[in-house]
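First comes the structure, then the notes that go with it.
The values are calculated or read from the model by the stated rules, or taken from the named source; none is laboratory data. Since the model is a prediction, treat every value here as computed from it, not as a measurement. Glycine gets a Cβ as well: all are built from the backbone with ideal geometry, and neighbour counts include every protein chain shown. Areas reflect the complete protein model, heavy atoms only, side chains present, ligands, DNA and RNA absent. Shrake-Rupley method; radii C 1.70, N 1.55, O 1.52, S 1.80 Å.
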Amino acid sequence: MDPFYLAVTTDDVGMDGYSTPEHVRNLLDLWASENLTGTLFAVPRWDGREIGASAEYVSILQHAVEQGHDVAQHGLDHTRFQTGIPPKMVLDLPHEGPAREYLANHRDEIAAAHTVDKLRHILGTGRQILEDALGVPMRGFRAPCLSTCDQLFEALEAEAYVYDSSAVFQTTAWDLINDPDRDVAPMPVTRELFEQMQTAGSMWTWPISAEYTWYLKCEHAERFLALAKHDFEACLSAGIPFVPVCHVSPVQEGDAGQGFDLYRKLMAYVRQRVVEEGKRLVSITLSQLCAEWPPNGK
Ligand SMILES: [Zn+2]
């Protein structure tokens, strides 16, 4: 039976305002109850404080790794422009007004800072902080605010990361976050796009499908669930991994229970559809996916 890979991910672990230890524990409980193995993208240093300074986060993450989950690197300080420039859909978010203005006035200066050497230093600093704190190797990367540039991918390759997961298929999800009542058709998700998103070199790119649970409100839950199902179906028919992202606190800070509820409904749907298609559902970390891809060595 051919495998179908599902790689759930969460971002901003350790970042005040978007993560608390309790919220990380809740999310891990959800994954456990749904039999999911996932990847936690952790912020090495937030507001000058390294993640290793929090014994609570360290113990939660080490325990998660023991349970089979993976911890990967989410930038260094989670600032907007450290590793590149965020895509328009991110800059369009309501809270990104100051970033939009800063970018408009400093674009050349920002771009000039993105040399491969500087980016290698940023990557290496963040990686060391996480590895020292957790005692596990960092193999994967996701850019904060999805801020990337060509030199970032060169730097990741030079630093021997095995994958990057900063690309996105379903950018319309962010349009809906901005304006949930907007009339917008979903973007296609195809094998061809998946191949095009791969960078030169040996590093894998695991594109995110989308974020469906950003402070989710009851009245928008159905629309985001429909989009999640659409993206899953497209991945299923294209034979590519389905990699949704949620953010640690935002998935729990919408209307009561809505974010987790969306995941439970989505998972029930995914399980049923994968069986109907005669495939085997494999819930996997992005690191493991690098070892298993392509399925059956094809
Ligand atoms: Zn982030």
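Only one residue of 94, 285, 185 has its Cα farthest out toward the positive end of the dipole of the chain, where Lys and Arg carry +1 and Asp and Glu -1 on Cβ, and that residue is 285.
Note the count of lysine pairs whose C-alpha atoms are less than 21 angstrom apart in the stretch 3-297, limited to pairs 8 or more residues apart or on different chains. Intermediate values should be presented prior to the final figure.
Working: 217/229; 217/265; 229/265; 229/279; 265/279.
Qualifying lysine pairs in the stretch 3-297: 5.
If I compute solvent accessible area with a 1.4 Å probe over the protein chains, what percent of it on the stretch 3-297 is carbon and sulfur?
49 percent
The alpha-carbon positions of the chain define a convex hull whose volume is 126 Å³ per residue. Taking the Cα centre of the chain as origin and assigning +1 to Lys and Arg Cβ atoms and -1 to Asp and Glu Cβ atoms, the resulting dipole is close to 520 debye. The antiparallel fraction among DSSP beta bridges confined to the chain stands at about 10%.
For the pair residue 111 and residue 193, label points projected 7 Å from Cα toward Cβ lie 2.6 nm apart.
A probe of 1.4 angstrom, applied to the heavy atoms of all protein chains, finds residue 125 with accessible area near 40 square angstrom. Think of the chain as having a plus end and a minus end, set by charges on the Cβ of Lys, Arg, Asp and Glu; of 209, 254, 52, 209 sits farthest toward the positive end of this dipole. The length gained on full extension between residue 118 and residue 150, counted as 0.36 nm times the residue separation minus their Cα-Cα distance, comes to 10.2 nm.
Relative to the Cα centre, what is the charge dipole magnitude of the stretch 1-127, using +1 at the beta carbon of each Lys and Arg, -1 at the beta carbon of each Asp and Glu, and rounding to the nearest 20 debye? Don't jump to the answer; show the numbers that get you there.
Working: 10 positive and 19 negative charges, 84 e Å.
Its charge dipole is roughly 400 debye.
Helical content alone sets the calculated 222 nm signal of the chain at -14000 deg cm²/dmol, taking -39,500 (n - 2.57) per DSSP H segment of four or more residues and averaging over every residue. The residues of the chain present an accessible area of 42 Å² per residue when probed at 1.4 Å with all protein chains retained. Label zone (residue 33, point 7 Å along Cα-to-C-beta; backbone nitrogen cut-off 20 Å) within the stretch 262-282: 262-272.
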